Amino acid sequence: MKIYHTLEDFTRLRYGVVTSGTFDGVHLGHQKILQRLREVAEKNQGETVVLTFWPHPRLILKPEDNS
């Protein structure tokens, strides 16, 4: 797994299969999405890319809601 903190550090991919969200890796729905991402990438000889956000967008859009 490669982790990039800025887009400037990201290297170009031949075939990227991309999803975005705030994945915790535990939620069953998130697991299903990530599993499907891997399946599509393997089928097309591509690489998976997960674009996530820090801090959580909720903390930016509604800073008063810290729950």
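Remarks
- Residue tally, condition surrounded by 10 or more Cβ atoms within 10 Å (Cβ to Cβ), over 18 Å from residue 55 (Cβ atoms), among the β-branched types (Val, Ile, Thr) and out of contact with any helix residue (DSSP H, G or I) (no Cβ under 6 Å at 6 or more places or on another chain), over segment 19-36: 1
- Among residues of segment 12-67 being on the phi < 0 side of the Ramachandran plot and of a type in the set (Gly, Ala, Ser), the one that is modelled with the lowest pLDDT is 67.
- Restricting the first member to segment 41-66 and to residues that are more than 17 Å from residue 21 (Cβ to Cβ), and the second to residues that are assigned to a strand (DSSP E or B), the beta-carbon pairs closer than 8 Å and six or more apart or on different chains are 44/17; 46/16; 46/17; 47/16; 47/17.
- Of all residues in segment 37-67 being in contact with a helix residue (DSSP H, G or I) (Cβ under 9 Å, 6 or more places away or on another chain) and of a type in the set (Asp, Glu), the one that is surrounded by the most Cβ atoms within 10 Å (Cβ to Cβ): 47
- Some residue of segment 16-37 being in contact with a strand residue (DSSP E or B) (Cβ under 6 Å, 6 or more places away or on another chain), among the acidic types (Asp, Glu) and outside any helix (DSSP H, G or I): no
The values are calculated or read from the model by the stated rules, or taken from the named source; none is laboratory data. Here the structure is a predicted model, which is why all the values come from computation and not from measurement. Virtual Cβ from ideal backbone geometry, glycine too; neighbours counted across all protein chains shown.
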